[in-house]
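Taking it in order: structure first as structure tokens, then the write-up.
The values are calculated or read from the model by the stated rules, or taken from the named source; none is laboratory data. Note that the structure is predicted; figures quoted are calculated from it, not measured. Here Cβ is always computed from backbone atoms with ideal geometry, including for glycine, and neighbour counts include all displayed protein chains. These accessible areas exclude ligands, DNA and RNA; they are computed on the full protein's heavy atoms, side chains included. Shrake-Rupley method; radii C 1.70, N 1.55, O 1.52, S 1.80 Å.
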Amino acid sequence: MTQAFDASNPPFDRLELREIETLRASLDVGYFTPGEVLIAQNAPSESLFIIIKGAVEERDGDELVALLGPRDAFDGRAIVQGESGHAFVARDETLCWLAPKTTVLDLIKRSPRFGAFFYLDISRKLDALEHEAEDQRVGSLMRGRLSDVFMHPATFIEADESIEAAGRRMRDVNSNTLLVRDRDRIGIITGMNLSKGVVLGRLPLETPVRALAHFDVVRLRPDDFVYEALLLMTKHNKRRIAVHDGERYLGVVEDIDLLSFIAGNAQIVAGRIDRAATLDDLAAAAAEIAEQVRILRRQGLKPSVIAEIVSDLNRRLFASLFAMVAPASIREAGCLIVMGSEGRGEQTVRTDQDNGLILAHPVNEAELAAFRTAFSGTLARFGFPPCPGAVMVSNPFWSRPLADFEADFRRWIALPDADAHLNVAIFLDAEAVAGDAALLAKAKAALMDAVRGEQAYLARFAKAVDAFETPIGLFNQLVTAEGAGDALDLKRGGLFPLVHGARALALEKGIPATNTEARLMHLGRIGMLKPAFARQCVDAFQFLAGLRLDAQLAQAAGGSGALVRPAALTTMERDLLRDAFQVVKQFREIVRRHFNLGLFG
Amino acid sequence: MTGWSNPWLAAKRLFHQATIGDQNYRFLFRPGPPDEVVAIDCETTGLDVAHDEIITIAAIRIRGSRILASERFEALVRPDVRIAPEAIKVHHLLESEAKAGALIYHVLPDLLRFIGGRPLVGYYLEFDIAMLNKAVLGFIGVELPNKRIEVSRLYHERKYGDAPPGTVVDLSFAAMLADLGIPRLSQHDAVNDALMTAMAYVALRDLKRRGARIPRPRMKAPLQPGGV
């Protein structure tokens with residue numbers, strides 16, 4: 001249809017020009033009055049609908065599953081399977097492009113990339129999307145600005161000053177590079193230039209640095225792109241570029257800084273933690289952990305991989321801190337544990353401390369009290385906010401002998417209240433970080449033993465999967481396009497049911513894994529979930545976690561402040577979000593049926 | 001709303017029916033399929049009916065609430081007069097492109113068969129029909145007898161039908177599209193204009209059926225940061 005149909009809108013952007021023309025020529029336009037049914041539930045459809053204006057409700061019986069807005073396309077299932085899973089009903093006056101089923105099926109056959117949009121299961125859709133997202137991320141990385149890259153501060157030295165003076169200046173400012181001022185011209189001198197001059201050139205230490213400096217400095221502005229810096233370095237065979245804002249020098253960027261901007265330096269941070277000799281060394285390393293998240297995400301790593309790296313760094317940090325702060329009596333008798341998301345290895349953007357200490361036997365009270373304060377206090381200073389629920393070492397309830405924990409487990413299970421459920425959930429996710437890991441293993445075995453066969457207890461525990469509804473609100477905002485998105489919805493309606501449902505089933509089946517994805521896959525292996533469905537749950541989890549992480553990063557970077565804004569997502573992401581919530585809903589149903597949650601009001 | 005309310009037009013139609021020169025086109029006087037209308041738009045060399053000529057014609061059938069864009073009629077016409085420079089600015093059709101078109105008399109048979117007896121829908125339709133009639137009259141001996149549905153009149157009725165005297169009336173195409181939430185396709189392309197007109201028609205007809213009105217801003221339009 002002439003140029004009127006926007007073919008840049010996914011999935012149509014994957015079509016070749018000629019295919020787009022075929023599609024355009026086949027399009028009609030439908031008008032639907034509020035309340036009119038576009039596709040009935042479990043009915044075939046002769047067209048793929050693409051909304052031009054208005055809003056369409058996707059309904060499962062009486063339940064509103066999603067609200068679709070302009071540029072959304074539906075219903076792939078009715079096209080491919082010949083039967084829609086849900087009903088589609090106009091909410092407002094709605095205009096849609098109508099693409100004939102035969103044309104769409106033909107395009108699916110001809111273009112696998114286009115066809116991927118119509119896969120029924122989210123795993124295959126995500127696979128098809130994967131490398132496209134990757135391309136975008138590498139692109140965005142190269143479009144980073146020089147001002148985002150670590151820069152050595154611009155420190156000047158006069159050309160008449162000596163090699164020795166330059167060496168001392170480098171040590172004082174802790175930089176390997178100085179700018180050399182020689183009347184009107186500016187040069188660069190590095191530690192390597194000095195060494196070569198002295199060792200190979202046998203120059204006296206009093207020699208003015210003019211002789212060793214390079215005056216063919218390559219300059220860029222702070223708002224220039226990172227890729228320009230890389231190109232210039234390659235072209236001029238330079239390892240350093242001076243950054244100049246038009247008035248003055250701001251600093252020097254080295255090739256290694258550019259590379260670490262692109263590749264991250266998680267290994268370096270890990271090494272720094274392990275080598276830390278003082279609390280100050282550790283504090284510096286701790287500050288760098290948070291930055292890794294952004295770098296790794298820019299590289300296009302999945303949130304689960306990022307979380308794994310960050311968890312590893314955090315745990316190293318906690319272990320080092322434990323070694324520095326804990327007296328010998330506690331180091332020998334204790335097991336330091338992390339719980340909650342930190343224990344599941346799903347923490348990316350830093351939230352708060354969730355840690356505890358299990359002791360093999362009672363220790364000196366005064367030493368223990370001093371350790372409690374020192375450990376939690378230092379972590380707070382490192383930028384790990386105290387846990388609002390006080391699930392941390394500083395709380396005597398979470399740092400005590402194993403026997404006391406075990407006594408409480410029995411109480412939590414015999415008299416379960418909201419706090420008890422929360423405590424069981426938090427503790428189930430615990431992982432040992434330092435000290436005797438066997439203590440945690442014993443504690444967990446005791447907890448699982450106490451629960452075994454207690455179906456009524458398990459059901460009450462699992463009941464929390466019903467705590468939050470699927471976040472239709474998210475889609476409402478999409479239509480009004482003005483509400484601030486709400487990451488809580490993503491967490492509560494999407495991530496939480498998966499995390500908690502997997503936890504409840506893991507508790508019942510005695511699965512030791514703490515990571516949600518590992519639990520889901522384990523449930524698939526033992527036949528508790530169909531393996532293919534377990535895979536879909538994992539993919540839905542990763543997709544939701546990725547959206548949440550990106551929103552958190554955007555917020556941390558001082559973006560809009562809003563969290564996940566459906567209107568800011570691409571059509572494809574919105575479509576995947578719908579699919580992900582659909583998987584969550586199915587999973588919740590399975591958990592509900594398994595524990596007979598219908599019986600509990 | 002339709003030509004029938006005007007006895008003069010009705011009489012003219014009867015007269016034409018009796019005097020049609022080419023009997024092959026009698027179908028124009030028979031009612032079209034029920035629930036079908038045709039949205040039509042012409043781009044012309046200028047706005048003077050007497051001297052200007054048609055450059056492009058687009059017509060799109062509407063069946064019920066479905067706009068059959070895939071079966072549209074579209075023709076580039078070779079004008080006999082030079083295109084006024086102002087008109088080129090409006091529709092970006094250069095004289096050389098228009099020359100590639102067919103003579104209007106070669107286009108008309110297909111257009112007339114496409115329209116048949118269906119009512120015509122347009123925005124300021126009188127002008128388009130007057131332009132067409134210049135050729136149609138000479139071709140088959142009568143003017144287009146079809147019922148006419150003026151979209152701007154429907155819009156006026158839905159928005160200003162109950163307006164107090166003194167209300168400022170804006171019947172511009174842009175205002176109508178904005179009120180109906182219809183996206184602005186690139187304008188002054190006959191197919192797009194006909195399509196937008198068709199969208200406006202189905203939306204307005206539905207509002208009328210449901211007795212719904214388009215709200216008028218009470219006084220001044222509220223400030224909308226970032227525009228609509």
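Among residues belonging to region B:170-216 that are farther than 19 Å from residue B:125 by Cβ and either of a type in the set (Phe, Trp, Tyr) or in contact with a Gly (Cβ under 9 Å, 6 or more places away or on another chain) (or both), point out the one that is surrounded by the fewest Cβ atoms within 10 Å (Cβ to Cβ).
Checked region B:170-216; the qualifying residue surrounded by the fewest Cβ atoms within 10 Å (Cβ to Cβ) is B:213.
Limited to region A:519-545, what total is found for residues that are of a type in the set (Gly, Ala, Ser), in a helix (DSSP H, G or I) and either more than 20 Å from residue A:581 (Cα to Cα) or at pLDDT below 85 (or both)?
Counting residues in region A:519-545 that are of a type in the set (Gly, Ala, Ser), in a helix (DSSP H, G or I) and either more than 20 Å from residue A:581 (Cα to Cα) or at pLDDT below 85 (or both) gives 0.
Please determine whether any residue of region A:434-448 is buried (at least 18 other Cβ atoms within 10 Å of the Cβ), outside any helix (DSSP H, G or I) and either of a type outside the set (Asp, Glu) or at positive phi (or both).
Yes, some residue in region A:434-448 is buried (at least 18 other Cβ atoms within 10 Å of the Cβ), outside any helix (DSSP H, G or I) and either of a type outside the set (Asp, Glu) or at positive phi (or both).
Yes/no per residue for (1) at pLDDT 90 or above; (2) under 27 Å from the mean Cα position of the chain (by Cα):
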position	(1), (2)
A:381	yes, yes
A:388	no, yes
A:397	yes, no
A:415	no, no
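In the list A:77, A:59, which residue meets the criterion of being in a helix (DSSP H, G or I), within 17 Å of residue A:579 (Cβ to Cβ) and open to solvent by 40 Å² or more (accessible area, probe 1.4 Å)?
Selected residue: A:77, the only one of A:77, A:59 that is in a helix (DSSP H, G or I), within 17 Å of residue A:579 (Cβ to Cβ) and open to solvent by 40 Å² or more (accessible area, probe 1.4 Å).
For region A:160-196, which residues satisfy the criterion of being assigned to a strand (DSSP E or B) and hydrophobic (A, V, I, L, M, F, W, C)?
Hits for region A:160-196 are A:178, A:179, A:180, A:186, A:188, A:189.
From (1) in contact with a strand residue (DSSP E or B) (Cβ under 9 Å, 6 or more places away or on another chain); (2) open to solvent by 40 Å² or more (accessible area, probe 1.4 Å), pick out the condition that doesn't hold for residue A:338.
Against the list (1) in contact with a strand residue (DSSP E or B) (Cβ under 9 Å, 6 or more places away or on another chain); (2) open to solvent by 40 Å² or more (accessible area, probe 1.4 Å), residue A:338 comes up short only on (2).
Can you work out which of the residues in region A:197-209 that are outside any loop (DSSP other than H, G, I, E, B) and out of contact with any strand residue (DSSP E or B) (no Cβ under 6 Å at 6 or more places or on another chain) is least open to solvent (accessible area, probe 1.4 Å)?
Only one residue tops the list, namely A:197.
For region A:366-385, how many residues are acidic (Asp, Glu) and either open to solvent by less than 40 Å² (accessible area, probe 1.4 Å) or not assigned by TED's automatic domain parsing to the domain that holds residue A:328 (or both)?
Selection size over region A:366-385: 0.
Output the number of the condition that residue B:130 fails; it satisfies all remaining conditions of (1) under 17 Å from the mean Cα position of the chain (by Cα); (2) in a helix (DSSP H, G or I); (3) within 14 Å of chain A (Cβ to nearest Cβ).
(3)
Return the total of residues in region A:62-73 being open to solvent by 30 Å² or more (accessible area, probe 1.4 Å), in contact (Cβ under 8 Å) with a residue 40 or more places away in the chain and closer than 17 Å to residue A:581 by Cβ. Steps first, answer last, please.
Within region A:62-73, the subset open to solvent by 30 Å² or more (accessible area, probe 1.4 Å) is A:62-64, A:70-71.
So of that shortlist, the ones also in contact (Cβ under 8 Å) with a residue 40 or more places away in the chain come out as A:64, A:71.
Still in the list and also closer than 17 Å to residue A:581 by Cβ: A:64.
So the answer is 1.
Could you say which residue among A:252, A:325, A:305 is open to solvent by less than 10 Å² (accessible area, probe 1.4 Å) and either in the same structural domain as residue A:368 (by TED's automatic domain parsing) or of a type outside the set (Lys, Arg) (or both)?
Exactly one of A:252, A:325, A:305 is open to solvent by less than 10 Å² (accessible area, probe 1.4 Å) and either in the same structural domain as residue A:368 (by TED's automatic domain parsing) or of a type outside the set (Lys, Arg) (or both), namely A:252.
Starting from region A:221-241, keep only residues that are among the acidic types (Asp, Glu), then list their pairs with residues that are buried (at least 16 other Cβ atoms within 10 Å of the Cβ) whose Cβ atoms are within a distance under 6 Å, requiring at least 6 positions of separation or different chains.
Qualifying pairs under 6 Å: A:224/A:146.
So, in region B:142-169, how many residues would count as being touching a Phe, Trp or Tyr at 6+ places or on another chain (Cβ under 9 Å) and either of a type in the set (Gly, Ala, Ser) or open to solvent by 20 Å² or more (accessible area, probe 1.4 Å) (or both)?
The qualifying residues number 5.
Give just the number: which of (1) open to solvent by less than 30 Å² (accessible area, probe 1.4 Å); (2) over 30 Å from residue A:544 (Cβ atoms) does residue A:292 not satisfy?
Of (1) open to solvent by less than 30 Å² (accessible area, probe 1.4 Å); (2) over 30 Å from residue A:544 (Cβ atoms), only one is false for residue A:292: (2).
Any residue at all in region A:85-104 that's without any contact (Cβ under 8 Å) to a residue 24 or more places away in the chain, of a type in the set (A, V, I, L, M, F, W, C) and away from chain B (no Cβ under 14 Å)?
No, every residue in region A:85-104 fails to be without any contact (Cβ under 8 Å) to a residue 24 or more places away in the chain, of a type in the set (A, V, I, L, M, F, W, C) and away from chain B (no Cβ under 14 Å).
Find all pairs meeting these conditions: Cβ atoms under 7 angstrom apart; at least six residues apart or on different chains; first residue within region A:386-401 and open to solvent by 60 Å² or more (accessible area, probe 1.4 Å); second residue not basic (Lys, Arg).
From residues that are open to solvent by 60 Å² or more (accessible area, probe 1.4 Å), the pairs are A:386/A:352; A:386/A:353; A:386/A:376; A:386/A:380; A:386/A:392; A:388/A:352.
Can you tell me which of (1) in contact (Cβ under 8 Å) with a residue 60 or more places away in the chain; (2) open to solvent by less than 20 Å² (accessible area, probe 1.4 Å); (3) within 30 Å of residue A:297 (Cα to Cα) is the one residue A:353 doesn't meet?
Result: residue A:353 passes all but (1).
Is it the case that region B:157-165 has a residue that's under 24 Å from residue B:6 (Cα atoms), more than 14 Å from every other protein chain (Cβ to nearest Cβ) and at pLDDT below 90?
yes
Mind listing whichever residues of region B:168-205 are of a type outside the set (Gly, Ala, Ser) and at the interface with another protein chain (Cβ under 7 Å from one of its Cβ atoms)?
B:182, B:183, B:185, B:189, B:191, B:192, B:195, B:199, B:202
Looking only at residues that are more than 9 Å from chain B (Cβ to nearest Cβ), open to solvent by 20 Å² or more (accessible area, probe 1.4 Å) and β-branched (Val, Ile, Thr) in region A:21-56, which one is farthest from residue B:62 (Cα to Cα)?
A:22
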